[in-house]
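Beneath this line is the structure, given in C-alpha cells, with notes to follow.
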Amino acid sequence: MKKIGFLSFGHWSPSPQSQTRSARDALLQSIDLAVAAEELGADGAYFRVHHFARQLASPFPLLAAIGAKTSRIEIGTAVIDMRYENPLYMAEDAGAADLISNGRLQLGISRGSPEQVIDGWRYFGYVPEEGQSDADMARHHTEVLLNVLKGEGFAEPNPRPMFPNPPGLLRIEPHSEGLRERIWWGSASNATAVWAAQQGMNLQSSTLKEDETGEPFHVQQAKQIRRYREAWKEAGHARKPRVSVSRSIFALVDDRDHAYFGRGKDSDQIGIIDNMRAIFGRSYAAEPDRLVEELKVDEAIAEADTLLLTVPNQLGVAYNAHVIEAILKHVAPALGWR
C-alpha cells in the first residue's frame, strides 16, 4: 500500500444531528478536512460528485480552493459522472485546478451511479445519439476529454482575432502538462476496467461492483484489478498505472468510535442497482490489532496501490480528522504504508 487518502460524499442536511447543515458547510468543511488530512500525513483528498442531491456537485471550485490552501496532498474526484459533462469546458476547469495545485489533481471520472432524478443529464442538455445508451454517451464524452487533454491544437484560428494567436491550430487553454496521465476511470465491472486500461486511464474501484462470479467482494475486486493490469500490459502503455480501492474503515480507539461504529461484524451485501446484480463490500470497524488482521486478508487492498477511506463527513471536521489519524497511526503501517 503506497498511498492512503480519504473520500467524502459531502453530504449535508439541516437536521440538528448533522454537523454539516448547508451546502456552504459541506464546501468549507471539505477544504478544512483536506488541510487537516495533509497535516496528518495523508496522501489524498477525494470527493464524490452527485447532481440534484444535498451533496457535493460542482467539483472544480472546491478542488481549486483546496489546491490553493495545501501544498502536498493529492486532490481528486471519485467520481465525476461524464453523462453530465461538456468535455471541452471540463478540460478548461480541470486544467485551471491542476495548475493552481501545481500538478496534484487526480481526476476520477465514470459513467456515473443511480441518480436522484430520472435521466438527469437531459436537464443539462445532453441526449445520447440515436442507437446509443447513456453509458455510450459518457464514454464518448470521456474520449473527447482524453484527446483534448493531450494538448494538441484542433481548432481553426480566426484570421482576424481580438488577440494575437500562436501559429497553427489552437488548443484548449489553460493546458496542464501531465494531467492526461492522472485521469482515473471508476469501474463497476471487469469489462469497463479493461476498457479503462485500453484508454490509458488509471483505475478506481469502489465499494460495489457487478456480481460476476458469486465470490466475496474483495476476491472479485482483486480479480478485476488483475484483469485491468493484464489489459494495460496488452495495450502497450509505457507508464505504470495506478489503482485505488475505497473502503469504510474505522479503528475503534475511543468511546466515540464504539458509539458510532461498534455495532458488530459487517458482511458483503447483494442488491440490484440500475438493473445490475451488484455486490457491496463490507465495512470494517474494530480495535486496531484486529482491524489489521482483517484488512490483511482483503485481496483487493493488497492489489491496489491507493486506499481511499470513506468518511462520515456529517460528523464534523474534527471527528473525521480523528478517524483518518487513527488509521494512519494505528493501522496503516502494518499494511505496508510508508
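The values are calculated or read from the model by the stated rules, or taken from the named source; none is laboratory data. This structure is a prediction, so every number in the text was calculated from the model and none was measured. So basically every Cβ, Gly included, is an ideal-geometry build from the backbone, and we count neighbours across all protein chains shown. Note: areas computed on protein heavy atoms with side chains; ligands, DNA, RNA excluded. Shrake-Rupley method; radii C 1.70, N 1.55, O 1.52, S 1.80 Å.
Long-range amide H contacts for Ile109: which residues qualify at under 5 Å (H placed 1.01 Å from N, peptide plane, sequence gap of 5 or more or a different chain)?
Here Ile80, Trp184, Trp185, Gly186 satisfy the definition.
Please work out the C-alpha center-to-center distance from the stretch 17-66 to the stretch 191-211 and express it in whole Å.
With the stretch 17-66 and the stretch 191-211 each reduced to a Cα centre, they are spaced 25 Å.
List the pairs from Lys223/Lys296; Lys3/Lys209; Lys2/Lys240; Lys209/Lys329; Lys3/Lys296 whose alpha-carbon separation is above 19 Å, in the order I gave them.
Pairs exceeding 19 Å: Lys3/Lys209; Lys209/Lys329.
Using alpha carbon centroids, what distance separates the stretch 231-288 and the stretch 146-186, in Å?
For the stretch 231-288 versus the stretch 146-186, the Cα centre distance is 37 Å.
So for Tyr260, Tyr84, what's the accessible-area order with a 1.4 Å probe, most first? Write down the numbers at each step before the final one.
Values: Tyr260 100, Tyr84 10 Å².
Listed by decreasing accessible area, they come as Tyr260, Tyr84.
Considering every Cα-Cα pair within the stretch 1-61, what fraction, in whole percent, is farther apart than 14 Å?
Cα-Cα pairs of the stretch 1-61 separated by over 14 Å account for 57 percent.
Put one equal scatterer on each alpha carbon of the stretch 191-249, apply the Debye formula with no solvent term, and list log10 I(q)/I(0) at q = 0.21, 0.26 1/Å to two decimals.
Values returned for q = 0.21, 0.26 Å⁻¹ are -0.77, -1.07.
Taking the alpha-carbon set of the stretch 222-328, what are its Rg and Dmax in Å?
16.5, 51
Hey, got the Cα dimensions of the stretch 67-221 along the principal axes, in Å, largest first?
For the stretch 67-221, the Cα spread along each principal axis is 62, 44, 30 Å.
Binning at 10 angstrom from zero up to the longest distance, how are the C-alpha pair distances of the stretch 43-112 distributed in percent?
22, 57, 21, 1
Looking at the stretch 1-157 from every direction and averaging, what is the projected area of its Cα convex hull in nm²?
Mean projected area for the stretch 1-157: 11.6 nm², to one decimal.
Would you mind giving the three semi-axes, in whole Å and largest first, of the ellipsoid equivalent to the stretch 145-233 according to its Cα gyration tensor? Mind showing how you got there, number by number?
Details: eigenvalues 326, 22, 18 Å².
Taking √(5λ) for each Cα gyration eigenvalue gives 40, 11, 9 Å.
Give the accessible surface of the stretch 32-137 per residue, rounded to a whole number of Å², with probe radius 1.4 Å and ligands, DNA and RNA excluded.
Numbers: 4400 Å² over 106 residues.
Value for the stretch 32-137: 41 Å² per residue.
Report the net charge of residues surrounding Lys223, where surrounding means a beta-carbon distance below 14 angstrom and charges are Lys +1, Arg +1, Asp -1, Glu -1. Present the calculation step by step, with values, prior to reporting the outcome.
Details: positive: Lys209, Arg226, Arg227, Arg229; negative: Glu210, Asp211, Glu212, Glu215, Glu230, Asp298, Glu299, Glu303.
It works out to a net charge of -4.
Evaluate the Debye formula for the stretch 258-321 with equal point scatterers sitting on the alpha carbons, no solvent, and hand back log10 of I(q)/I(0) at q = 0.15 Å⁻¹, in q order, two decimals.
-0.67
When the Kirkwood hydrodynamic radius is evaluated over all pairs of different C-alpha atoms of the chain, what value in angstrom, to one decimal, is obtained?
Hydrodynamic radius (Kirkwood, Cα pairs) of the chain is 20.8 Å.
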